[in-house]
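Below is one structure, written out as C-alpha cells; the observations come after it.
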Amino acid sequence: MFDLASSEFNSVRYEIYGKLLTDEPVFWYEPMQSWLVCRFDHIQQVIKSNESTTDFLIEDKIANSGDALGDGTRAVLDIVRTWMIYNDGATHTRLRKFMNQAFAKHHIDRVLPNIKQIIDTRFAQAIQGQTGPVELDIIETFAHPVPAQILQDMLGLDEISLDDFLRWSDSIALFMQDFVVSPVPNNDIAV
C-alpha cells in the first residue's frame with residue numbers, strides 16, 4: 001500500500017503509477033474514500049458522466065477538518081472554490097466558456113511559433129557545452145517549465161519571471177495535492 005500524503009510518495013510516484021496502470025487502473029484508495037482513475041479512456045468516461053460531481057468536495061473537506069483549518073487555508077479555499085473544476089452545472093459551463101476562449105484556435109496559432117522557439121532554446125541550453133550522448137531530465141528540462149512558458153506567452157504575462165510563475169504554480173499544486181490527499185489540510189502550505 002502507498003500513502004499519497006507521505007513525504008516519500010513523490011520519490012516513488014512513477015513506480016506506483018506504473019503498477020496502478022498495469023494492475024489496477026481503477027483503484028479504491030481507502031484513506032481518501034475515493035477512486036483513483038489512472039487510464040485516459042477511463043478518465044474520459046468519468047469526466048463525461050453526469051453522475052460525476054465535484055462541487056461538494058471543498059465544503060466536505062472544510063466540514064471534516066473543523067477547527068483545524070487556519071485562516072490562510074480558508075483564504076486559499078475561498079479562491080479555489082471559484083475554480084471550474086470545483087463547480088458543476090451552470091457555473092461550470094459558464095467558467096468553461098471563458099476557458100475555451102483562452103484556448104481558441106486563433107490564440108493557439110498566435111503562440112505556436114513561440115512554442116517551437118521555447119523548446120529549441122530549452123534544448124540548446126540543456127546540451128550546451130556537451131559532446132557525445134547527452135542525458136536529459138525530460139521533466140525538469142521540458143515537462144515542468146515549457147507549459148508554464150507557453151501559458152505566460154498566451155496570457156501576456158511577460159513582466160512576470162518564469163521562476164516566479166513556476167514557484168507560484170508549484171505552490172498552488174502543492175496546496176491542492178495536500179488538500180486532496182490529506183485528511184486535514186496542512187495549514188503551513190497555505191501561507
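The values are calculated or read from the model by the stated rules, or taken from the named source; none is laboratory data. Everything quoted here is computed from the prediction, not taken from an experiment. Using ideal geometry, Cβ is built from the backbone for each residue, glycine included, and neighbour counts are taken over all protein chains shown. Keep in mind that these areas ignore ligands, DNA and RNA; they rest on the heavy atoms of the full protein, side chains included. Shrake-Rupley method; radii C 1.70, N 1.55, O 1.52, S 1.80 Å.
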- Item | Identity of the residue in the stretch 156-191, aliphatic (A, V, I, L, M), within 18 Å of the chain's Cα centre (by Cα) and open to solvent by 30 Å² or more (accessible area, probe 1.4 Å), that ends up nearest to Trp35 (Cα to Cα) | Val180
- Message: Need the failing condition index for Thr54 against (1) at pLDDT 85 or above; (2) under 20 Å from the mean Cα position of the chain (by Cα), just the number.
- Response: (1)
- Message: Taking the criterion of being surrounded by 12 or more Cβ atoms within 10 Å (Cβ to Cβ), touching a Cys at 6+ places or on another chain (Cβ under 6 Å) and under 27 Å from Ile189 (Cβ atoms), would at least one residue in the stretch 30-46 satisfy it?
- Response: no
- Do you know which residues across the stretch 102-128 are open to solvent by less than 80 Å² (accessible area, probe 1.4 Å), out of contact with any Ser or Thr (no Cβ under 6 Å at 6 or more places or on another chain) and not charged (D, E, K, R)? Ala102, Ala104, His107, Ile108, Val111, Asn114, Ile115, Ile118, Ile119, Thr121, Ala124, Ile127
- Message: Just to be sure before I move on: is Glu15 assigned to a loop (DSSP other than H, G, I, E, B), open to solvent by 100 Å² or more (accessible area, probe 1.4 Å) and more than 21 Å from Ser169 (Cβ to Cβ) in the structure I sent?
- Response: no
- Which of the residues belonging to the stretch 75-92 are within 15 Å of Asn187 (Cα to Cα), open to solvent by 30 Å² or more (accessible area, probe 1.4 Å) and in contact (Cβ under 8 Å) with a residue 12 or more places away in the chain? Ala75, Val76
